[in-house]
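**Student:** Dumping the structure here so I can ask a few things about it.
Any read-out appearing in this document is the output of simple, stated calculations on the displayed coordinates, not a laboratory observation. Bear in mind the structure is a predicted one, so any value in this text is a computation, not a measurement. Backbone-built Cβ (ideal geometry, glycine too); neighbour counts: all protein chains shown.
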């Protein structure tokens, strides 16, 4: 394990994964909050033609120009989405789909053009499709880190404005904030996040890294600050796990591994996050139902006792089952354990009977009072 | 004759591309109109998972079993997305973006693990190999026909039957889901049937164009057709026509530039969309700009007519009914005022008499129709 951590490649890969996790985690939060999750999908697919153009421009797999190319085509795709939704009758979903598929097709055409031109150094270009952590160089980290750092500084500087535009754009306009410019800045940041993760996750799956950490983080906290920090942590965790597994196991693409790791985090968060967790909600529902059953049975016993003018009127199990239309045995046992009722024999019958205790009577009266009016 | 038709590789490729486009357009039209276009993106990615799973269970890599089996994954994707959304913890777009990458990832990893045994590699998954469809042929009625073409033809026929037989139902469910539910058309079942066919089309088209390019064929031709017409059936026809044209042009250009055929076909759908966006007869950018300028012009003419009419035969006539007054009173630029006057003279609404501008009979009628509409019989 220690040897693994000392491995040069593994270190590089883990650092790259951390950069990916932090940038996409932080920047993705705003996209998810602004309901622009699928814009991330479009921007990541649209990075492919940019990767190819950057390659053609530099003539080699030079990371700087490739990332600039990806950023530019991402921005162009975002502009096309804007153009289509503003000037035509197409809705946002169609505009996103059009920009996504056509720009990816353009990327495919350029990719085959590069392959056809027989450039010897084009071998590494495929890794941008699904990501290949092992192909990352130490020098690439500086560029990725620079982009991620710049994006994070931008977020820190414009924190208040971004927060306002994300949650209440109408109010932001009324305050005189340059909302359009801020929205463009936030969209650009999604493109930046895509660019940072490109080598790691690839164009096809980058969308998951924008959406998933933010969704997972949202389950644990109500504050934007907490969400952004948690999202970065989740993104980093998934990135490092996926990248290290991919770099050590031969032949497994990095992108899918990272996405599976982050999907697992989302699943756990959805189920077990305090307050919003689905598991807790289900548990609460189950408890409520059980509590309600207890009250209902207690109320029935009380009603029978009142009807017969006898606090200790014994009610038969079968009668309770029939009245409630369900088996009440377990509920009765729970009430008995709480000391509210006790089992009695009612000679000559042999079936089990139950009566209220002193406590049970008090509890039933209290409940009766609580719901405002008697059963009868 | 038929022999040479089926032996011609270019014809087979173009035909397959056109069928991919037509089959996708038939289902895509309704997805675009419903606002669910991005579901096709989710479906096309996650069928990879289905294709690999069905291959692992049955050992079949193509044919009806594969199509139906893998298509179920597409439906599963949508089902899981809706389930995730129904917990109210995640918004709908985020739910889409969470489910399909996970399924797609599992599919790709399984491909990595079984890479040596499966006929598909990562590349095909995304890009397709429409140029190589003739490598995998079946013999039908004595002709060697590409397997992909046969599957696509079958799926196209099924989609066509679905759309024609349930045309009225689809139309109502798409445009007024509430009414459809009230009439007992089970919009949910119809929706899932549509998604099942979308998935089946994606699986059948998978060998030819791969997962992502398929999205272009589903969304772009219907979207382009939507910019050209308001009629549903015309939208289907235009969409199919655009698909066929894209397939043809895409093939020619791809061969000329030696690039991916499927990719070029998909790019061509985008080109046709841009053409529709610019030159559409009613919703096109140029048509709308033209309409706007025409309306502004006739509005200006009306303004001038009213201005002249209200000062006609009054004391201020010599001062008001001259070109300079249009500039100083209406706030128009010199050139604009001159242009409007010239247009008014051309249309026989205004006469020039020295400096004075006079209304013709027609111009006066125009002004009266606006100012005193009750005088008109």
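**Student:** Looking only at other chains, what is the average number of their beta-carbon atoms within 10 angstrom of each beta-carbon in B:258-269?
**Tutor:** For peptide B:258-269, the averaged partner shielding equals 6.
**Student:** Moving on. Taking the simple approach of a point 7 Å from Cα along Cα-to-Cβ for both residue A:142 and residue B:231, what is their distance in nm?
**Tutor:** Output for this residue pair reads 6.5 nm.
**Student:** At a 10 angstrom cut-off on C-beta neighbours, averaged per residue, how do the peptides A:70-78, B:366-374 rank from highest to lowest?
**Tutor:** So the peptides A:70-78, B:366-374, ranked by packing, come out A:70-78, B:366-374.
**Student:** Same structure again: Using alpha carbon coordinates only, what is the Rg to Rh ratio of chain A, with Rh defined as the Kirkwood radius?
**Tutor:** 1.26
**Student:** Say we join alpha carbon atoms closer than 10 Å with springs in a Gaussian network model of chain B; which of B:161, B:228, B:31 then has the biggest fluctuation?
**Tutor:** Of the options given, B:161 has the highest mean-square fluctuation.
**Student:** If you take the square roots of the eigenvalues of the alpha-carbon gyration tensor of segment B:286-375 and sort them as a ≥ b ≥ c, do you get rounded (a/c under 1.5), prolate (a/b over b/c) or oblate?
**Tutor:** Here segment B:286-375 falls in the oblate category.
**Student:** Can you work out the FRET efficiency for the pair residue B:285 and residue B:154, with r the C-beta to C-beta distance and R0 = 35 Å, to the nearest 0.05?
**Tutor:** 0.35
**Student:** What distance in nm separates the simple spin-label points at residue A:275 and residue A:9, each placed 7 Å from Cα in the Cβ direction?
**Tutor:** A separation of 4.4 nm, rounded to one decimal place.
**Student:** Now, a different point. When you look at the Cβ of every residue in A:79-91, what mean number of other chain Cβ atoms sits within 10 Å?
**Tutor:** 4
**Student:** Right, another one. Given the peptides B:313-326, A:352-365, arrange them by the average over their residues of other C-beta atoms within 10 Å, most packed first.
**Tutor:** Going by the mean number of other Cβ atoms within 10 Å, highest first, we get A:352-365, B:313-326.
**Student:** Between rounded, prolate and oblate, where does segment A:17-123 land on the alpha carbon gyration tensor, with a ≥ b ≥ c its root eigenvalues, rounded for a/c under 1.5, else prolate if a/b exceeds b/c?
**Tutor:** oblate
**Student:** Calculate how steeply helix A:224-248 sits against the longest principal axis of the alpha-carbon atoms of chain A, using the helix alpha-carbon long axis, and give the answer as 0 to 90 degrees to the nearest 10.
**Tutor:** Relative to chain A, helix A:224-248 is tipped by roughly 70 degrees.
**Student:** Given the rule -39500 (n - 2.57) for each run of at least 4 DSSP H residues, summed and divided by the residues of chain A, what is its mean residue ellipticity at 222 nm, to the nearest 500 deg cm²/dmol?
**Tutor:** -25000 deg cm²/dmol
**Student:** Using 15 Å as the cut-off for backbone N distance, which residues of segment B:357-377 belong to the label zone defined by a point 7 Å from the Cα of residue B:298 along Cα→Cβ?
**Tutor:** B:363, B:366-367, B:369-370
**Student:** Which whole-number percentage describes the relative contact order of chain A, with Cα contacts under 8 Å and a sequence gap of 6 or more?
**Tutor:** 21 percent
**Student:** Compute the distance in nm between two label points, each set 7 Å from the Cα along the Cα-to-Cβ direction, one at residue B:135 and one at residue B:68.
**Tutor:** 2.9 nm
**Student:** Tell me, what is the percent relative contact order of chain B, built from C-alpha pairs under 8 Å that lie six or more residues apart?
**Tutor:** After rounding, I find 20 percent.
**Student:** Between A:139, A:103, A:263, which gets the highest mean-square fluctuation from a Gaussian network model of chain A, Cα cutoff 10 Å?
**Tutor:** A:139
**Student:** Here is a further query. What order, most packed first, do the peptides B:242-249, B:300-307 have when packing is the mean number of other Cβ atoms within 10 Å of each residue?
**Tutor:** The packing order, highest mean first, is B:242-249, B:300-307.
**Student:** Evaluate E = 1/(1 + (r/R0)^6) for residue B:324 and residue B:166, where r is the Cβ-Cβ distance and R0 equals 56 Å; express this FRET efficiency to the nearest 0.05.
**Tutor:** After rounding, the FRET efficiency stands at 0.25.
**Student:** Averaged across the residues of A:146-155, what count of C-beta atoms belonging to other chains lies within 10 Å of each residue's C-beta?
**Tutor:** Mean inter-chain Cβ contacts per residue within 10 Å come to 0.
**Student:** Moving to a separate point now. How would you classify segment A:191-345 from its alpha-carbon gyration tensor, with a ≥ b ≥ c the square roots of the eigenvalues: rounded for a/c under 1.5, else prolate if a/b is greater than b/c, otherwise oblate?
**Tutor:** prolate
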